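Notes to accompany the following structure.
The values are calculated or read from the model by the stated rules, or taken from the named source; none is laboratory data. Worth saying up front: this structure is predicted, and the values here are computed from it rather than measured. Every residue, glycine among them, receives a Cβ derived from its backbone with ideal geometry; neighbour counts consider all protein chains shown. Each accessible area value is taken on the protein alone, full model and side chains, heavy atoms only, with ligands, DNA and RNA left out. Shrake-Rupley method; radii C 1.70, N 1.55, O 1.52, S 1.80 Å.
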Amino acid sequence: MSALFSVLIIPVIGTTIGAAFVYTIKDTIPLLTKKAFMGFTAGVMIAAAVWSLLIPAMNMSGGEGVSRIMPAISGFAAGVAFLLIMDSVIPHRHGNDSSDEGLNCDMSRTWKLILAIILHNIPEGMAIGVAFAAVAEGNACLPVTGALALSVGIAIQNVPEGAIVSLPLRDAGNTKNRAFIIGVLSGVVQPAAALLTIWLASAVVPLMPFLLAFAAGAMLYVVVEELIPAASQGSHSNLGSIGFTVGFLLMIILDAALN
């Protein structure tokens with residue numbers, strides 16, 4: 001039970017630290033810093049999706065040849081399709097300067113920013129949940145240290161993400177306290193999605209490889225659709241590439257150290 005608490009609460013701590021930046025930074029995050037943050041987050045998420053989700057999914061499947069990777073392939077495609085549908089339906093906005101996405105409605109800019117955050121955090125919470133469910137079932141392909149490495153990696157990338165959440169909310173006219181609270185609450189989406197995934201996974205243990213790959217596909221959709229474009233557009237795109245490299249290597253080192 002203590003392991004479950006650690007896996008679920010660590011990412012929220014990262015988001016809380018990042019959201020607290022609203023009290024120390026007077027203005028929005030500088031564009032160049034944001035590019036580096038976005039690249040860093042993309043690097044962490046890609047490494048986590050591959051090493052902590054896709055590879056264990058293929059190792060769990062059994063069989064040989066194409067049959068060994070089919071659960072991972074189908075799960076990955078389903079995860080991408082799920083986020084594609086959510087992205088098309090839920091009204092949201094990825095930043096103050098971006099256009100509205102999803103269904104048209106009269107929702108405020110603040111709420112569209114919040115829904116974008118929720119959409120981003122759902123696959124990360126699912127990844128944590130399915131990783132812990134695999135551990136709970138005693139699957140040797142994903143030990144408890146592997147689930148912990150995934151949780152810590154997501155927590156690290158949640159620090160800049162928490163700042164990217166709270167500062168635009170402050171810039172949109174919210175008080176510092178309100179921006180901080182919403183930033184923290186955005187991180188609560190992850191343990192909520194994790195608990196739901198754990199409950200579903202425990203009921204359908206044979207689908208574990210599919211669910212691991214599903215979470216990986218959903219995470220990588222966010223990376224390709226949101227993070228990489230934000231990190232690479234305009235001048236000084238090299239900062240996004242540097243941030244990506246740091247995040248990717250950090251996640252590999254973390255995974256190796258905890259395993």
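Could you list, in sequence order, all residues of segment 166-181 that are part of a helix (DSSP H, G or I) and open to solvent by 10 Å² or more (accessible area, probe 1.4 Å)?
Matches in segment 166-181: PRO168, ARG170, ASP171, LYS176, ASN177, ARG178, PHE180, ILE181.
Can you name every residue in segment 209-239 that is over 23 Å from VAL80 (Cα atoms) and assigned to a helix (DSSP H, G or I)?
Passing the criteria: ASN238, LEU239.
With the requirement that a residue be in contact (Cβ under 8 Å) with a residue 24 or more places away in the chain, of a type outside the set (S, T, N, Q) and open to solvent by 10 Å² or more (accessible area, probe 1.4 Å), what does segment 182-199 give you?
Listed by number, the residues that qualify are ILE182, VAL184, VAL188, VAL189, PRO191, ALA192, ALA193, LEU195, LEU196, ILE198.
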